[in-house]
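The values are calculated or read from the model by the stated rules, or taken from the named source; none is laboratory data. The structure presented is a predicted model; accordingly, all values stated were derived computationally and were not measured. Glycine gets a Cβ as well: all are built from the backbone with ideal geometry, and neighbour counts include every protein chain shown.
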Amino acid sequence: DWAAKGTQLLGIKTVIAESFERIHRSNLVGMGVLPLQFKEGENATNLGLTGEETFSVFGINDVEPLSELNIVARRLNGEELKFKVITRLDTPIDIEYYQNGGILHTVLRNMINKIKSKEN
């Protein structure tokens, strides 16, 4: 639980990993952090990633459960590396939580929408 909270509090928006433990993946989604998984046979080492890159994620607006997204990693020297990952938003509710910034934001938005609909 705190691993995902700490990640979010550090301002990290996305985590790319070879795999995710089930509860940790769920906690990341619940905190509004996007879990992405390397495709089979790929990892940071064989892609030559050092951790000093900046990453851009493409296709997130049209995401579906377990869909592929495109990543562009920009190295310090300006070189770009493009690769694909699997989004670990495994269900439609995961997508809703992520798009709302996490489970707390989703619950609050739903409560506000209920109040607004009662006022009309």
ask   = Restricting to region 28-44, what's the tally of residues that are in contact with a helix residue (DSSP H, G or I) (Cβ under 8 Å, 6 or more places away or on another chain) and either assigned to a helix (DSSP H, G or I) or not β-branched (Val, Ile, Thr) (or both)?
value = 8
ask   = Which condition number does Glu53 fail, the rest of (1) closer than 19 Å to Tyr98 by Cα; (2) free of Cβ contacts under 8 Å to residues at least 60 places away in the same chain; (3) surrounded by 15 or more Cβ atoms within 10 Å (Cβ to Cβ) being met?
value = (1)
ask   = Say we look at region 87-108 and pick out the residues that are of a type in the set (Ser, Thr, Tyr) and surrounded by 15 or more Cβ atoms within 10 Å (Cβ to Cβ); which of these is farthest from Ile16 (Cα to Cα)?
value = Thr106
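Residues are listed down the side, and each one gets a yes or a no for (1) among the acidic types (Asp, Glu); (2) assigned to a strand (DSSP E or B); (3) closer than 18 Å to Ile95 by Cβ:
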position: Ser26; (1), (2), (3): no, no, yes
position: Asn46; (1), (2), (3): no, no, no
position: Thr50; (1), (2), (3): no, no, no
position: Leu69; (1), (2), (3): no, yes, yes
position: Gly78; (1), (2), (3): no, no, no
task = For region 36-51, state whether one or more residues are within 11 Å of the chain's Cα centre (by Cα), modelled with pLDDT of 95 or more and over 16 Å from Leu81 (Cβ atoms).
result = yes
task = Tally the residues that are among the small types (Gly, Ala, Ser) and farther than 13 Å from Leu34 by Cβ, restricting the search to region 69-120.
result = 3
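Results for (1) more than 15 Å from Asn27 (Cα to Cα); (2) among the small types (Gly, Ala, Ser); (3) out of contact with any Lys or Arg (no Cβ under 8 Å at 6 or more places or on another chain), shown as yes or no for each residue.
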{"residue": "Pro65", "(1), (2), (3)": "yes, no, yes"}
{"residue": "Glu68", "(1), (2), (3)": "yes, no, no"}
{"residue": "Asn77", "(1), (2), (3)": "yes, no, yes"}
{"residue": "Lys82", "(1), (2), (3)": "yes, no, yes"}
{"residue": "Val85", "(1), (2), (3)": "yes, no, no"}
{"residue": "Glu96", "(1), (2), (3)": "no, no, yes"}
{"residue": "Gln99", "(1), (2), (3)": "no, no, yes"}
{"residue": "Lys114", "(1), (2), (3)": "yes, no, yes"}
{"residue": "Lys118", "(1), (2), (3)": "yes, no, yes"}
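Listed here are the residues, each with its yes/no results for (1) polar (S, T, N, Q); (2) exposed (fewer than 13 other Cβ atoms within 10 Å of the Cβ).
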position	(1), (2)
Ile12	no, no
Phe20	no, no
Val33	no, no
Phe58	no, yes
Asn70	yes, no
